[in-house]
Each structure stands twice: as C-alpha cells, then as structure tokens.
1. What nm distance separates the two modelled labels at residue 24 and residue 238, each placed 7 Å from Cα along Cα→Cβ?
2. Whole-Hz Karplus ³J(HN,Hα) for segment 184-191, in order, using 6.51 cos²θ - 1.76 cosθ + 1.60 and θ = phi - 60°, x for Gly and Pro?
3. Please order 180, 205 by the number of other Cβ within 10 Å, starting at the fewest.
4. Quick one: which residues, 5 or more positions from residue 110 or on another chain, have an amide H under 5 Å from its amide H? H modelled 1.01 Å from N in the peptide plane, none for Pro or chain starts.
5. Highest mean first, what order results for 56-65, 170-179, 145-154 on Cβ atoms within 10 Å?
6. Would you mind computing, in nm to one decimal, how far apart the modelled labels at residue 203 and residue 169 are, each placed 7 Å from Cα along Cα→Cβ?
7. Please check which bits of segment 61-90 a label hung off residue 189 would reach, taking the label as a point 7 Å along Cα-to-C-beta and the cut-off as backbone N under 20 Å.
Amino acid sequence: MAKTKETGHAKNVANFEDLIDVCKSYGTSYNPSREEIKIESLSALLINAQNAMEALKSAERSFGNRTNDRELAFDPLGPLTTRIVGALESSGANALTIEDARAILNKQRGNRSTPLPTPAPQENAEAASEPRTRSTSQRGFDNQEEHFKKLITAVSSEPKYKPNEPELTVQSLKAVLADLTVKNKLAGQAETALNNARILRDELLYGANTGIYDTVGVVKSYAVSAYGATHKRYKQLTKFRFTKPSSEN
C-alpha cells in the first residue's frame, strides 16, 4: 500500500510538469489574472515539489541506514545482559542486588516480574490477544537502553562484580551503552527528519489552496473560462489525472 501511494505522489508531480508544458505551449492565450496559476508561479511550485520529493528520498535512505545501524547495535543486547546477570550471580554478590538485576533482565526481555494470568477463552481471540500483551512489553529501543543503563548501575555498585571477561567489565559495558545511546539518538533524529520531509511533501502536493492538487483544479477552471468546455485545449488539460491519498504517508 505504501509503495502504491509513493508512486502516486511521483506521478502527480510528473503530471504537473506535463500540464505546465501544455500551458506554456498555448503562448499568450494562456493569460490568467490570478497570480498563483501564472506560468512563473506554477513553475516555482513544481521546482519546490521536485526538491521536496528528492529531500524525502534522501531522508528515507538516511532513516533506513540509521535504523539498520541501531538494530545491529541492539541485537546483541539480550545475550549480553544474560551474561552480565550470570556473572553477577556467580560472583557471590548480595542476593538483593541479584534480584534487582534479574528484574531488570526480565524488563529488558519484555517480561513481567510475575507471570501474566492465563486469560479466559474468548470467542474473538484475534481481537483480544495482541493489545493486552503488548501493553506490558518494554522492548522499545528507548526502554532497552534505559534497562541496560540500570543494569550497569546495579553491577557497578556491587564490589564483588569483577569479571575476568573483558567484554563484561563495567568499563566495557559503559562503552556499549554510549554506543547504543548515540545510535538510538541518530535513528530518532532520522525519523524526525523523515516525518518533516513527508509533511513538506504533503503541503506542496496537497496543501489546501496552495498545493499542486488544488492548483491544478484552478488551472482547469481557468481553461474553461478562457477556451470553453468543448475546446480542445481545455480537453487536453483534463486528460491529466491527479489523485489525493485519503491519508498521506
């Protein structure tokens, strides 16, 4: 669905460029009084729309790269936290510290501290299953980062936590956390940039009264008044089809 919509946006811009070329071919007979549909204004809108489409492509590439980097950084976190808790347990650490670490591990895995009660059977299992369990999950990247930070704090405060494995030392764990923080932040910034690029694209293509979609309607209305509804020039313009998504993405 998303691919179809993105193709529709590009088609609208391409059709708008063709429509402008047709209007230019009419020479001095295309002479609207409204500033927004004069050739110069239409051309400026086209350039802005084309630039916005390119900026969106760039933002999509950046978002894909940043989220891939984040995924690769966070993927080893589950096994690593399990090893950390194992090292803490085998160190002879305080039982309460171990309990706290295990609670953090469960949260990092997206589990409750206590098991979920078994729900009663329902007629519509599909409608009832997902939302109830997902509300307890904390596997979002921000939450994973926070849980890992808390785990580091817990083992840092335990004098007996002195693993011989270099990758499990507090210093190494802090370096991992720093890397996660940077990559998570960059991915978040890339998502914001992507959303802003889509907003700008949507404003230029579908903004009320000022976007390409509404502007084309005004151009066609002018063509009716200038040439008449049966004139070939008006009919030539009506061949250009423009679509407006019910919800832009």
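None of the figures in this text is laboratory data; all of them are computed from the coordinates on show. Just so it is clear, the model here is predicted, and its values are computed rather than measured. Note that each Cβ is placed from the backbone with ideal geometry, even for glycine, and that neighbours are counted across all protein chains shown.
1. Calculated label separation equals 2.6 nm.
2. 5, 5, 5, 5, x, 5, 5, 5
3. The order, fewest Cβ neighbours first, is 180, 205.
4. Residues meeting the amide H criterion: 138.
5. Working: 56-65: 15.8, 170-179: 14.0, 145-154: 18.5.
Taking the mean over residues of other Cβ atoms within 10 Å, the ranking is 145-154, 56-65, 170-179.
6. Between residue 203 and residue 169, the label points sit 5.2 nm apart.
7. What the label zone holds, given the 20 Å backbone N cut-off, is 61-74.
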